[in-house]
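**Q** Sending over a structure as structure tokens; questions will come in a sec.
The values are calculated or read from the model by the stated rules, or taken from the named source; none is laboratory data. Since this is a predicted model, take the numbers as computed values, not measurements. Backbone-built Cβ (ideal geometry, glycine too); neighbour counts: all protein chains shown. Areas reflect the complete protein model, heavy atoms only, side chains present, ligands, DNA and RNA absent. Shrake-Rupley method; radii C 1.70, N 1.55, O 1.52, S 1.80 Å.
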Amino acid sequence: MTRVVRLTLVSHAMTDAMAAARVPGDEPLNDMGRRQAEAAGGETCLGTKHFMAPERRARQTAELLGMAATADPLLADLNCGRWQGKRLQDVPPGDLTIWLTDPTRAPHGGESITDLIQRVARWLDSLAGSALPAAAVAHPAVIRAAIVHGLGLPPKSFWRIDVAPMSRTGLHFRSGRWTLRL
């Protein structure tokens, strides 16, 4: 019998930065985000082991979902360096183009997409030997990275994956590989 690891990734609820197309910092959920998470809070348990990103918006989402989650630094949001807090339209267009087209580059002084994917891959690999179902409240970028790594997609596909607030993404690990469950 093949053992299956079931992982549910929940994108944190809405924040003001998301609504304003601003590069996020460690901000709280906004009113809409709190309503989104509260509305989903009564749903069934997502897993036996609960994890969350260390940022406030992920912690608040996990709490509103009723999850007693452990913060894991490997689930931290993409480090956007000096762009943190800026609106995307205020980022130099040439730098933004480099970042969106070359996943190995980080012109903002933060983390490249390939660095994020490698960090998230370490977290996924740590779960691969577990027999327990797990759930994690994470950021859209972390969930994209998990999908890219799990499916063996090229890093350039990172920006082609949309992850909505409070969406759920299922990944299953069996026979040495991850599969995506929608």
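**Q** Leaving out ligands and nucleic acids, note down the accessible area per residue over the chain with a 1.4 angstrom probe, in whole Å².
**A** About 49 Å² of surface per residue is accessible.
**Q** Then there is this: Please sort by residue number the GluC sites (Glu not before Pro) in the stretch 1-82 whose DSSP state is loop and whose Cβ has at most 13 other Cβ atoms within 10 Å.
**A** 43
**Q** Out of the DSSP beta bridges found with both residues in the stretch 5-181, what percent are antiparallel (nearest 5)?
**A** Percent antiparallel among DSSP bridges in the stretch 5-181 is about 50.
**Q** Give me the percent relative contact order of the stretch 1-121, please, defined on Cα pairs under 8 angstrom at least 6 residues apart.
**A** 23
**Q** Using a probe of 1.4 angstrom, how much of the accessible area of the chain is carbon and sulfur, in percent?
**A** Ligands and nucleic acids excluded, carbon and sulfur give 52 percent.
**Q** Hand me the trypsin sites (Lys or Arg not before Pro) from the stretch 1-43 located in a DSSP loop with no more than 16 other Cβ atoms within 10 Å, in residue order please.
**A** Taking the stretch 1-43 and a limit of 16 other Cβ atoms within 10 Å, the loop trypsin sites (Lys or Arg not before Pro) found are 3.
**Q** Regarding the stretch 5-181, what is the average projected area of its C-alpha convex hull, in nm²?
**A** 9.3
**Q** Next question. To the nearest 500 deg cm²/dmol, what mean residue ellipticity at 222 nm is calculated for the chain from DSSP H runs of n ≥ 4 alone, each contributing -39,500 (n - 2.57), summed and divided by the residues?
**A** About -9500 deg cm²/dmol.
**Q** A further question on this structure: Once you have the alpha carbon radius of gyration of the stretch 74-118, what is it after dividing by 2.2 N^0.38 Å, with N set to its residue count?
**A** Against the empirical 2.2 N^0.38 Å value, I get 1.09 for the stretch 74-118.
**Q** How big is the stretch 54-156 on each of its three principal axes, counting only the C-alpha atoms and giving the largest first in Å?
**A** Computed over the Cα atoms, the extents are 45, 31, 16 Å.
**Q** Separation between the residue 101 and residue 177 pseudo-spin-labels, each 7 Å from Cα along Cα→Cβ, expressed in nm?
**A** Taking the simple label geometry, residue 101 and residue 177 are separated by 3.2 nm.
**Q** Okay, next question. What order, most packed first, do the peptides 71-78, 164-171 have when packing is the mean number of other Cβ atoms within 10 Å of each residue?
**A** Going from most to least packed, we get 71-78, 164-171.
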